Amino acid sequence: MEHFYVITNASKDTGLKTAGFVRDYLISQGKTCVVDAGIENRTGESYTDITRVSEDTDCVIVLGGDGTLLQAAADLGDRDIPFLGINLGTLGFLAEVNVSDIEEALDQLIRDDFLIEKRMMLLGKSYAGEEKLDETRALNDIVITRKGSLQIIYFNIYVNGQFLHRYHADGIIVATPTGSTGYNLSAGGPVVEPKASLILISPICPHSMQNRSIVLSPDDTVTIEIEKSRDGSEQEVEAIFDGSHKVALRTGNKLIIKKSERTTGIVKLSQMSFLEILHRKMSD
């Protein structure tokens, strides 16, 4: 690798000290490196100015945590550039390089001593009748949650056009294997090896005995249809992609989710297995 772009979470990287070290070290080794202060320059949902990421960029180094990396991946989802996450907090599932190991990690990048894992993504398209409201990808998950006052959400789920179940719940999570260790895990969903390819559906606090998660083939298409509330009034909910991009939905709207044709490349330097990382997280 020769050309690098660094995105840093300025709230965790005080004075951009870590970003400066990464840039100076790479330049001292004859590489090119551009630093983006990320959150300081944030406008709207975007975390970085994608126009500054040159076409010859070999790797995006993300300093912060899993959330920072997810936002960077969303911003650069149309670019086939792998990401390396360096965690400035606790051990993460995506940003798993520790601050103390930065120099060694950079040396591995320089000598091309790494693997790139292609992670599955979801594509969500929302509709009001035949009108498409939004189309967005997600690396972790797509969450349907209530908007405004506390309320139970009523919605129907179809798989490949076949009715599956009518849920009464606080929400629903549709996750990738990468996202299985996020909100899906907190909601009682299964943990999945991140290199797998499948779709997880987990209800959030269901108001019934039907609280099981469902594991689907990556070739399946999931349709979530927003119903009327119990008293017949219209519901207003939100579909949230990777915790940031939000789409307002209401009774009668549909969200159609399937596997995206695009993937996100995650640079893997460590010999630490997913199970070892999981063990450490569960022991915290």
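Structure notes:
- Compactness of the chain as Cα Rg over 2.2 N^0.38 Å, two decimals: 1.06
- Of the trypsin sites (Lys or Arg not before Pro) found in region 166-229, those in coil by DSSP whose Cβ has at most 15 other Cβ atoms within 10 Å are LYS195, ARG212, LYS228.
- Excluding the site residues themselves, the longest part of the chain lacking any GluC sites (Glu not before Pro) in a DSSP loop with at most 11 other Cβ atoms within 10 Å is 131-233.
- A 1.4 Å probe over all protein chains sorts SER11, SER229, SER197 by accessible area into SER11, SER197, SER229, starting with the largest.
- Hull volume per residue, based on the alpha-carbon atoms of region 126-220 and their convex hull, is 116 Å³.
- Residue of THR223, THR145, THR14 that the Gaussian network model of the chain assigns the largest fluctuation, springs spanning Cα pairs under 10 Å: THR14
- Averaging Cα coordinates gives a centre for region 244-275 and one for region 81-142; these two points are 10 Å apart.
- Ratio of the Cα radius of gyration of region 128-179 to 2.2 N^0.38 Å, where N counts its residues: 1.30
- Cross-link partners of LYS254 among lysines, defined as those whose alpha carbon lies under 19 angstrom from its own and excluding same-chain residues fewer than eight positions apart: LYS125, LYS132, LYS147, LYS228, LYS246.
The values are calculated or read from the model by the stated rules, or taken from the named source; none is laboratory data. This structure is a prediction, so every number in the text was calculated from the model and none was measured. Positions of Cβ are backbone-derived with ideal geometry, glycine not excepted, and every protein chain shown enters the neighbour counts. Ligands, DNA and RNA are stripped out before the accessible areas are found, and what is left, the full protein with its side chains, is counted by its heavy atoms. Shrake-Rupley method; radii C 1.70, N 1.55, O 1.52, S 1.80 Å.
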